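Q: Here's a structure for you.
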Amino acid sequence: MGTPVRVLLVEDSEDDAALLLRELRHGGYDVSYERVDTPDAMSAALDKQEWDIVVSDHSMPRFSGTDALSLLRTKRLDMPFIFVSGTIGEETAVSALKNGAQDYLMKANLKRLVPAVQRELREAQLRLERKGLERQVQLLQKFEAIGRLAGGIAHDFNNVIGAILGWAELCHQEAEPGSHFDERLQKIVHEAERRQH
């Protein structure tokens, strides 16, 4: 059994799709896939499940690879996108890479497909791990901020208690000993001292 991989194929030719799948299977992948060739079909496939990688033809009658890449990025999905085409020129390929594709291959040279997929899946995993670490750092920063806030509140609370304690002690000294008022002031002083620690 090979390494499982979920591939969204943006390809209008069943024969070309079969060649790509055969190459991936020969490269040790256990491929689950869906082939789409329209914007609506691609959008539905992206909404329906998670994919590990998108492999797209560049030129198709009803959909272009450039549009497929744009659709993927519009959905803010961070998954590798590889062009595999028989017609892509160097200038178009460079433009595709600038627009967010990870690689481009010629259909005449599918030997590069498996290494490209391996590399991009590895890079995607590293990006995912990096995002996880960034989230943990952000969470720790939030906890640190909450701790500072709680410390500030505790400090302010102690200041208030100190003021109450000071006034209560002053009133206690002026109150008639043993009076009801004196007993209440003693309770206030006692509670304030207890809350300060």
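The values are calculated or read from the model by the stated rules, or taken from the named source; none is laboratory data. Quick caveat: nothing in here was measured; it's all calculated off a predicted structure. Cβ atoms come from the backbone with ideal geometry, glycine included; neighbour counts cover every protein chain shown.
Q: Can you find a residue in segment 163-171 that is over 15 Å from Glu193 (Cβ atoms), free of Cβ contacts under 8 Å to residues at least 40 places away in the same chain, aromatic (Phe, Trp, Tyr) and part of a helix (DSSP H, G or I)?
A: no
Q: Scan segment 12-25 for residues that are of a type in the set (D, E, K, R) and touching a residue at least 60 places away in the same chain (Cβ under 8 Å) and jot them down.
A: The initial filter retains those residues of segment 12-25 that are of a type in the set (D, E, K, R), namely 12, 14-16, 22-23, 25.
Residues satisfying the conditions are Asp16, Glu23.
Q: Within the bounds of segment 103-110, is there any residue that is modelled with pLDDT of 90 or more, among the charged types (D, E, K, R) and over 16 Å from Asp12 (Cβ atoms)?
A: no
Listed here are the residues, each with its yes/no results for (1) out of contact with any Pro (no Cβ under 7 Å at 6 or more places or on another chain); (2) under 26 Å from Leu69 (Cα atoms); (3) charged (D, E, K, R).
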| position | (1), (2), (3) |
| --- | --- |
| Glu120 | no, yes, yes |
| Leu139 | yes, no, no |
| Gly147 | yes, no, no |
| Glu176 | yes, no, yes |
| Ser179 | yes, no, no |
| Glu183 | yes, no, yes |
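Q: Determine whether Leu20 is closer than 24 Å to Leu126 by Cα and in a helix (DSSP H, G or I).
A: no
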